[in-house]
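Worksheet for the structure shown next.
The values are calculated or read from the model by the stated rules, or taken from the named source; none is laboratory data. Keep in mind it's a predicted model, so treat the numbers as computed, not measured. All Cβ positions, glycine included, derive from the backbone under ideal geometry; neighbour counts span all protein chains shown. In case anyone asks, the SASA skips ligands and DNA or RNA and just uses the protein heavy atoms, side chains included. Shrake-Rupley method; radii C 1.70, N 1.55, O 1.52, S 1.80 Å.
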Amino acid sequence: MVPTLTAPGSTAVDPGWADEVRALARRRDAVLLAHNYQLPEIQDVADHVGDSLALSRIAAEADASTIVFCGVHFMAETAKILSPGKTVLIPDARAGCSLADSITADQLREWKAEHPGAAVVSYVNTTAAVKAETDVCCTSSNAVEVVASIPREREVLFLPDQFLGAHVRRVLDREDMHVWAGECHVHAGINGRQLADQARAHPEADLFVHPECGCATSALYLAGTGAVPEEQVKILSTGGMIEAARATGAKEVLVATEVGMLHQLRRAAPEIDFRAVNERASCTYMKMITPEALLRSVRDGTDEVHVDPELAARGRVAVQRMIEIGSSGGGE
Ligand code: SF4
C-alpha cells in the first residue's frame, strides 16, 4: 500500500492508507503527532496537530509508550528530552532544519569562551547538543519575556535566529545582547517587498504574521520596522489568528508563514479566504515526512531518535525554564 506522489505539497494516498497507519500505530501503542507544517494527509491522520512545544508537552503527558513525531529532527529530539522513558520515532531522520544546523555545539562553546559569564538563550530550533550548552530556551512567542528575565548587567548570547534576535533586541533596547547570524532558508520566500506588495494588492485583507518557525521571524522583524502598514498587520498564534479574523470580519486574510499552516486555518474557519503571502514558502524538510515514510515508521519502528542521557538531562533544564517562563502559543 504505497502512496503515489503527485505534486509538491499534495499526495494521492491509497484510500486504506489512513486506516492502516492508525491500526499499526495502535498495535505499537503509539500516539501520532504532526507539526502544523506537515502535508495535509499527515495532519489529518495524526492524533494531535500543533507547534513543536505543544506537541512535546502532549508527548510527555501521553499514556502511549511510543511517540511518532511527524516534524523535523530537532522537534523529535525535544520530545525525547522531555520524555526520556518513551520510544520516539521520526518517519525520516533526514528531516533536518537549516536554522538548527546554523550553529554547532562546538561553535557555541567557542562563542561562550569569548563572553565568559554571558547567559545563553537559544530558540527551540536547535539540536540537543546545543540545548545542553544553553541556559534557557525560548519560542518566538516568549523570546522577549525570556531575555527580559535576565538581569541587565549580564551579557546575553542569543541564537541561532538573527531575525528573532534583532526583534528582541529592538523591543528590549538591549545593547549587551549578541545575536548569532543564523537563518531559516524558507524565510527568503517571505521578504519585505513581498509583504509590502501583497498588502498593497489586497488593501481590504488583514495581514497576519504567525511567528511559528524561523520562516516567519523575518516577517515578525519586518512588521516591527514599518515595512508594511501597521493597521493591516497582526502578529498572532493559530488560535489568535482565527479569533482575530472572525472579530475583524475580514473575508480575506494574508498569512505570512510556511504554507502548511493554511490547512489548519482553512479547516478551522472555512468561510475565510486564507492566502499565503508566498505559495512557494514551503519547508522541504517538513515535506520529507511523506505518507509512505509514516507508514514505514509505524510498521517497522523507524527511525528511532536517541539523545545521549547526559546531554538530555542538561537540555531538559533549559527547556523546562522556557516552559516555566511561559509560552502563550504560536511558538515554534
Ligand atoms: S521552516 Fe525553517 S526553521 Fe522551520 S523547520 Fe523548516 S527549515 Fe527549520
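Here are some notes:
- Computed with a 1.4 Å probe over protein heavy atoms only, the accessible surface of region 186-276 comes to 42 Å² per residue.
- Proximity of backbone amide H atoms, modeled 1.01 Å from N, is registered between residue 138 and 122, 123, 124 at under 5 Å, excluding neighbours fewer than 5 places apart on the same chain.
- Rg and Dmax of region 186-276, based on Cα coordinates, read 11.7, 32 Å.
- Stokes-Einstein diffusion of region 36-115 at 4 °C, 1.567 mPa s viscosity, Kirkwood radius from Cα pairs, rounded to a whole number: 93 µm²/s.
- Solvent-accessible surface of region 38-182, taken per residue with a 1.4 Å probe and all protein chains present: 34 Å².
- Length gained on full extension, residue 201 to residue 153, computed as 0.36 nm times the residue gap minus the Cα-Cα distance: 12.7 nm.
- Measuring between their Cα centroids, region 184-228 and region 108-174 lie 23 Å from each other.
- Paramagnetic reach from residue 275 (point 7 Å along Cα→Cβ, amide N under 18 Å) across region 224-251: 228-229, 232-234, 245-246, 249-251
- Anisotropy class of region 162-220 from Cα gyration tensor, a/c 1.5 cut: prolate
- The coefficient of translational diffusion for the chain, derived via Stokes-Einstein from the alpha carbon Kirkwood radius under 4 °C and 1.567 mPa s, stands at 64 µm²/s.
- Within straight-line cross-link reach of residue 112, lysines at Cα separation under 27 Å, skipping those fewer than 8 residues along the same chain: 80, 131
- Under 24 Å of direct C-alpha separation, and excluding same-chain neighbours fewer than eight residues apart, residue 251 reaches these lysines: 234.
- Amide hydrogen neighbours beyond the local backbone of residue 206, cut-off 5 Å, H modeled: 252, 254
- Applying both filters, DSSP loop and at most 10 other Cβ atoms within 10 Å, to the GluC sites (Glu not before Pro) of region 89-183 gives 153, 175.
- Phi to ³J(HN,Hα) by Karplus 6.51 cos²θ - 1.76 cosθ + 1.60 over region 308-313, Hz, x for Gly, Pro: 3, x, 5, 5, 4, 4
- Per-atom-type breakdown for the chain gives carbon and sulfur 50% of the accessible area (1.4 Å probe, protein chains only).
- Annotation: extensible slack from residue 61 through residue 14 equals 13.7 nm (criterion: 0.36 nm per residue apart, minus Cα-Cα distance).
- J(HN,Hα) series, region 299-306, from Karplus relation 6.51 cos²θ - 1.76 cosθ + 1.60, nearest Hz, glycine and proline x: 7, 9, x, 10, 8, 6, 9, 10
- Computed per residue of the chain from DSSP H runs no shorter than four, each worth -39500 (n - 2.57), the mean residue ellipticity at 222 nm is -12000 deg cm²/dmol.
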